[in-house]
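Sending over a structure as structure tokens; questions will come in a sec.
Nothing in this text is a laboratory measurement; each read-out follows from the coordinates by a stated rule. Keep in mind that what you see is a predicted model, and the values were worked out from it rather than measured. Glycine gets a Cβ as well: all are built from the backbone with ideal geometry, and neighbour counts include every protein chain shown.
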Ligand SMILES: [Zn+2]
């Protein structure tokens, strides 16, 4: 293998005129051409880059300096990633996480506003003045029952079975943003660059219940560009309509009448019966819905005990479809069905409450293309043998191909092909992306082949894999911020794309009504149950070099093959 060019050399290449750069990019892309061909179902206009910006020696030097300064903050990055990991807090209960992150930002001169949009754990941290206003966001909430020791390639709870944990890797995105912001702030101060940095957390992303409220509260009113980040197993960015689905999350509560389930069952009217009729009705309807939809439910209240006919019961749905009208149609159909379920069981619909929502994301082409250049410059982290050992052992544990960690950055993604679009997950960054030019930077802090929303997605997230991935991501983020600060044309183009292409025919209107309030009660009971035990395992960065050291985990801990 040829030696990897040093960052300085790659940056020097980035300072070449656009035509030379294009030639270089072609060379650099050659090994990926085959992969792109295999991937022809997703091959799009993204393969040709439309927006290129002239660069100069000063910008190239500042980018190289930013990357160096991120490396110098690797220890801070490790501490932040490990600290937030150890809190393992669920949506709306990110109390320690919020306190910790705002503390660091305040110490570094950011002005912090807490309790934004009526959400106690939401905040906005601002520094600087004037244009451009660059907002940096990332999610901070965890996954129920996902506790697992980092660095251990099989399930081994940190605290007690059932406790929440970072089974999505949301502990890493804000540390990435904080590191990038601190570095760029230093450069802006010295170079006297005008501009404002705005950091905000994605609260309760797993409930899709935070960002629409931030939008409504005006957090993005003066923002020029939003650089969102999300954990992944590659380093990449996309533009155009994403493949994600829009979503409405809604809680349906029924009211019946209790009675002795054996002594006088004929006097009871079971709210649980109504819940089950609605669930079964929806499962039948499923067959007659378009294929890209996703809908799923849980039953948070199914009654108290079998010998009491349940007088209350509730069912919680997520409805997902490609766009606003299609998603709303699913919700409306379920509302009608709920009335039917009540009639069938002689009960009543008590309340129907929308508790989360989000648009499908559409990402900005000029910013994504500028960022992609930086992705190619930074490249993937240099994984070592231990990182690969953990990754492969986990992949074998899960029955996934043991290909280890990715070594090459991802391609620049383009718009989804509407004709073959098959739906999928959601992220309420969609709402932000329809209000201000936005991109999502994916950074390589996790292991390929994991199921998502699972303990297995947490075990890399407080190890060198996560730390190195965040360092790489923070470099890309900081370099892109410098691009935006020093090349006003990017912001102009970003808004032209936003106004003339993205929102030309589709205009944002939120799913939430003006009267809807964020459901900040969510997860309070679960955290009350587990927090006292989890508190004993919060990372103490003063006493331990790493969280692995605090937990006494040898990195990596893998099952030794048994000899039959
Ligand atoms: Zn996520």
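Using the C-alpha gyration tensor of region 246-358, what are the square roots of 5 times its eigenvalues, in whole angstrom, with the largest one first?
On the way: eigenvalues 164, 31, 23 Å².
Semi-axis lengths for region 246-358 are 29, 12, 11 Å.
In whole Å and largest first, what semi-axes does the C-alpha gyration tensor of region 147-292 yield when each eigenvalue is scaled by 5 and square-rooted? Walk me through the intermediate numbers first.
Values: eigenvalues 405, 102, 62 Å².
Ellipsoid half-lengths, sorted descending, are 45, 23, 18 Å.
Mind listing the Cα extents of region 475-542 along all three principal axes, in Å, largest one first?
52, 42, 14
Hey, fewest Cβ within 10 Å first, where do 143, 187 land in order? Provide the component values of the computation, followed by the final result.
Working: 143 23, 187 18.
Ordered from fewest to most neighbouring Cβ atoms within 10 Å, 143, 187 come out as 187, 143.
Still on this structure, please answer the following. Compute the FRET efficiency between residue 343 and residue 509 as 1/(1 + (r/R0)^6), taking r as their Cβ-Cβ distance and R0 = 30 Å, and round to the nearest 0.05. Present the calculation step by step, with values, prior to reporting the outcome.
Values: r = 32 Å, r/R0 = 1.07.
My answer for the efficiency is 0.40.
Let me ask you something else. Using R₀ = 35 Å, calculate the FRET efficiency as 1/(1 + (r/R₀)^6) where r is the Cβ-Cβ separation of residue 560 and residue 535; round to 0.05. Write out the running numbers ahead of the final one.
On the way: r = 33 Å, r/R0 = 0.95.
The value I calculate is 0.55.
If you fit an axis through the alpha-carbon atoms of helix 271-285 and take the longest principal axis of the Cα set of the chain, what angle between them do you get, 0 to 90°, nearest 10?
Tilt of helix 271-285: around 60 degrees.
Shifting gears a bit: List 134, 459 from most exposed to least, where exposure is judged by having the fewest other Cβ atoms within 10 Å. Kindly include the intermediate steps, with their values, before the conclusion.
Numbers: 134 25, 459 35.
Final ranking by Cβ density, sparse to dense: 134, 459.
So, one more: Residue 354 label point, 7 Å along Cα→Cβ, cut-off 12 Å on backbone N: hits in region 219-253?
It comes to 247-251, nothing else.
Quick check on the chain: of the DSSP beta bridges with both residues there, what percent are antiparallel, nearest 5%?
Working: 40 of 61 bridges.
Within the chain, antiparallel bridges account for around 65 percent of the total.
Provide the convex hull volume over Cα atoms per residue for region 402-542, in Å³. Each step should come with its number before you reach the end.
On the way: hull volume 31.9 nm³, N = 141.
Taking the convex hull of the Cα positions in region 402-542, it is 226 Å³ per residue.
With all pairs of different alpha carbon atoms counted, what Kirkwood hydrodynamic radius in Å does region 374-430 show? Each step should come with its number before you reach the end.
On the way: mean 1/r = 0.0684 Å⁻¹.
Answer for region 374-430: a Kirkwood hydrodynamic radius of 14.6 Å.
Below 8 Å between Cα atoms, with a sequence gap of 6+, how large is the relative contact order for region 409-564 in percent?
Normalised by residue count, the contact order of region 409-564 is 18 percent.
Kindly provide the Kirkwood hydrodynamic radius of the chain in Å, to one decimal, from all pairs of distinct alpha carbon atoms.
On the way: mean 1/r = 0.0405 Å⁻¹.
In the chain this quantity evaluates to 24.7 Å.
Would you mind ranking 467, 296 so that the residue whose beta carbon has the fewest other beta carbons within 10 Å leads the list? Kindly include the intermediate steps, with their values, before the conclusion.
Values: 467 24, 296 10.
Fewest to most other Cβ atoms nearby, the residues stand as 296, 467.
Which whole-number percent gives the relative contact order of the chain, counting Cα pairs below 8 Å spaced six or more residues apart? Walk me through the intermediate numbers first.
On the way: 1240 pairs, mean separation 131.3, N = 564.
Worked out over the chain, it gives 23 percent.
Can I ask one more? What distance in nm separates the simple spin-label points at residue 58 and residue 496, each placed 7 Å from Cα in the Cβ direction?
So the label points at residue 58 and residue 496 sit 2.3 nm apart.
Taking 0.36 nm per residue of sequence separation and subtracting the Cα-Cα distance, how much length would be gained by fully extending the chain between residue 106 and residue 544, in nm to one decimal?
Working: separation 438, 0.36 × 438 = 157.68 nm, distance 2.41 nm.
So the chain would gain 155.3 nm between residue 106 and residue 544.
Here's something else I'd like to know. Quick check: pseudo-label points 7 Å beyond the Cα along Cα→Cβ at residue 384 and residue 299, how many nm apart are they?
Placing both labels 7 Å along Cα→Cβ, they lie 5.2 nm apart.
What are the principal axis extents of the Cα atoms in region 42-178, in Å, biggest first?
55, 41, 32
Compute the long axis of helix 365-378 from its Cα atoms, compare it with the longest principal axis of the Cα atoms of the chain, and write down the angle in degrees, 0 to 90, nearest 10.
Long axis of 365-378 versus the principal axis of the chain: about 60 degrees.
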